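Contents: one structure, followed by commentary.
None of the figures in this text is laboratory data; all of them are computed from the coordinates on show. Being a predicted model, the structure only gives us computed values, none of them experimental. For neighbour counting, all protein chains shown are included, and Cβ atoms are generated from backbone atoms with ideal geometry for every residue, glycine included.
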Amino acid sequence: MSVFERGSVDDLARGARAIIVRADVPGPERRDSDARLEEAAGLALAIGIDVRAKTAFRVRQIKPATLLGSGQIEQIAALVTEHEAELVIVDNALTPVQQSNLEQGFGAKVIDRTGLILEIFGERAATNEGRLQVELAHLDYQAGRLVRSWTHLERQRGGFGFLGGPGETQIEADRRMIRDRMAKIRRELDQVTRTRGLHRSRRQRAPWPVIALVGYTNAGKSTLFNRMTGAEVLAQDMLFATLDPTMRHISLPGFDKAILSDTVGFVSDLPTQLIAAFRATLEEVVTADLIVHVRDISHPDSEAQRADVMEVLGELGILSDSAEAGEGEEGLSPAYLEVWNKVDLLDAERRAEIEAIAVRQGDVVLASAVTGEGVDALRRAISNRMTTGNRVYTLEIDAGDGAALAWLHEHGEVIGVEEMQVSEEGEGNAPLHVSARLSDAAYARFCARG
């Protein structure tokens, strides 16, 4: 039986009884074990897994074969027996050998953090593009795990007579099939990328700026998106409630229309396979005029979550080394704005502290997507942020091109209009010299109008 007949290597059953284990390994860590365990439990609950127990172990020295020590493995095996668990979720990245050895030690199926996140994405992807991206990431993940107790894959097949050679083993055949399928998916995603590029170029020729919402999963992006656009995007108190990007028109002060994009939420230790697979989707962030980073300011690990989001933005090539090192946001190619969401969940004392920090930091908007508090201020802040640093351009347009003049009034500040002198032999209306204060992006869109 090959991997393609067996289905996903790490298919999980809804309602499966699970134990969550976290190994605190040597090295820097932004949040404590309890917070990581709670997040892992939230990930498991997001796909209906029945979490029976959570535990963390301090690992002084990583065991190459099992990650954990023998005594710790025995303790977890006892928990598996006590809770009749079918699954152990290890909130760390495991090698194929570690995963196989831990399954033998626990007497239960084992899945690591990467596999768990891939399962969530596989269940939530709603569009054809999303399903392709998740399948690509799944296959990349599976390719190195065909050795997991699949002894039947060592059988040889093919070959004919004495001269036919030994043929290829089942595992080699499966690896070849995975490579072929991945190549096919990449070709399909390349077509998706080209289609997105065409749509994006059309939007760039249109007079509308693009604002991309980013943030840690469950920070309230979709709720804020719904509040600002009147849309009905799925918004639940659940990790990775939505995966596929959604775009809607919104109105902003000084702009006739703008496009707001709701993107997939980020998470700590986001699998590299998913970052690569979802690059086509996240290109909407790269090409946005403004990135609005939505943060759950009520969460105790809000700063750590911010660092995780900025790290992913850096991997996408949006964030420079200087900004990543904490020297400011100057390295971001699009404009950048932070929204500190869920202020309605803060008590009076904590809220006073947050407001004082926001005043000192500046360029921050406090808001509650649920109550609507601060949303009007956010609209004004977005408008101001996109017009900061505007320059005065002198443009030549036909006097009869009222649409161009109206466009400049809607998307910038028209400072002066002067009719040019033409010779007596000139025909038609005299062209106009228009001085207008515009952002670089607005100027590029005006020039692209044709």
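Across the stretch 302-309, in residue order, what do the Karplus-derived ³J(HN,Hα) couplings come to in whole Hz, using 6.51 cos²θ - 1.76 cosθ + 1.60 with θ = phi - 60° and x for Gly and Pro?
Each residue's phi maps through the Karplus curve to give 4, 5, 5, 5, 4, 4, 5, 5 Hz.
From the residues Gln98, Ile73, Thr114, which one has its Cα farthest along the dipole of the stretch 72-134 in the positive direction, the dipole being from +1 and -1 charges on Cβ of Lys/Arg and Asp/Glu about the Cα centre?
The Cα lying farthest towards the positive end belongs to Thr114.
With respect to the cross-link table entries Lys257/Lys342; Lys109/Lys221; Lys184/Lys221; Lys63/Lys342; Lys63/Lys184, which display a Cα-Cα separation exceeding 31 Å? It would help to have the intermediate numbers written out before the result.
Working: Lys257/Lys342 27 Å; Lys109/Lys221 34 Å; Lys184/Lys221 33 Å; Lys63/Lys342 41 Å; Lys63/Lys184 38 Å.
The answer is Lys109/Lys221; Lys184/Lys221; Lys63/Lys342; Lys63/Lys184.
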